[in-house]
Amino acid sequence: MRILFATSNQYKIQEARDIFGELGHTVEPLPLDGLIINFEEPKHLGLDSVAESKIDQALSLISGTEFEGSYILVEDSGVFTSFFKDWPGASSASVLSNLGLDGFLEKMSESNNREGEYRAVAIISDGQKKWKAIGICKGIFSKERLGEGGFGYDPVFIPSEGDGRTFAQMEPSLKSSFSHRAKALKSLSFLIDSPSK
Ligand code: ITT
C-alpha cells in the first residue's frame, strides 16, 4: 500500500518508512512538491483532537487533487512526565522551542519523579474510512543529554523497553522497533488489513 504522510517532520517520515516498510508498505511525504504542511493545531484539546483535526485538514487539502482517494496518514505526538500533569504533553514542540532541552531538564530537576512516556495518536484515511490507533512508550528522563541521534526529546529519554541508553544513543532501527510511533503505526497496519474493516 502507498501511504502519504502529512507531516512537516522528516524524522517521523523516516520512522514511518522503517515501520511500514517492514510490513510491505511505502511511505511518502505529503505534499510531494516540497511545500511545508502547516496545520492549525488545537493543542489545548490534546493529542487525539489534534490528530483528528490534522486528518480533516489533510483530506480537505487533497480534495479534488490527484491524491484524493490515497491513504493519508497523520500523527500527533508528545512527551508526558509523571510529575507535571499533562506537561509538556500536547505542547511538547513549543516547550522545546521556548525552553530548549536544557530548560526542560532544569524544570525536571524540580521533580523527584523522572518517569514519563511518549505518546502518539495516528490516523489513516482513504477519504471514506478512517482508522485510528495510539501508541505509548514508557521510560525515564535522564539528568543530562546523552547521544546525538533522533530528534526532540530523544537525548533525554531512556525507554524502559530499551537497554538503558537514550533514544538518541540508539540505532534508529532499534527506536523504530518499540517507539510510541511504532506501536501506533503497527496497530494501524493491523486495523487496515483486518477483513472486517
Ligand atoms: P507535524 O505536526 O508536522 O507532524 P511536529 O514535529 O510538529 O510535526 P507534533 O506536533 O506531533 O509534531 O509534535 C510532537 C513533538 O513531541 C515533537 O516536536 C517532539 O518535540 C516531541 N516528540 C514526539 N515524538 C518524538 C520522538 O519520537 N522523539 C522525540 N521527541 C518526540
Amide H of residue 142: which non-local residues (sequence gap of 5 or more, or other chain) have their own amide H closer than 5 Å, using H built in the peptide plane?
157, 158
Just to confirm the number: angle between the C-alpha axis of helix 92-108 and the first principal axis of the chain, 0 to 90 degrees, nearest 10?
20 degrees
Any idea what angle helix 180-193 forms with the longest principal axis of the chain, computed on alpha-carbon atoms, 0 to 90 degrees, nearest 10?
20 degrees
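Neighbour counts of other C-beta atoms within 10 Å: give me 7, 26, 166 arranged from fewest to most.
On the way: 7 20, 26 11, 166 25.
With the sparsest Cβ surroundings first, the list reads 26, 7, 166.
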On C-alpha positions alone, give me the angle between the axis of helix 47-62 and the longest principal axis of the chain, in degrees, nearest 10.
30 degrees
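Using Cβ contacts closer than 10 Å as the measure, can you line up 99, 47 from fewest to most?
Ranking 99, 47 by Cβ neighbours within 10 Å, fewest first, gives 99, 47.
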Could you give the size of the charge dipole of the chain about its Cα centre, using +1 on the Cβ of each K and R and -1 on the Cβ of each D and E, expressed in debye and rounded to the nearest 20?
420 debye
How high is the relative contact order of the chain, in percent, counting Cα pairs under 8 Å that sit 6 or more residues apart?
19 percent
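Only the coordinates and a few stated rules stand behind these numbers; no lab work does. Because the structure is predicted, anything quoted here is derived from the model rather than measured. Here the Cβ is made from the backbone with ideal geometry for all residues, glycine too, and neighbour counts use every protein chain on show.
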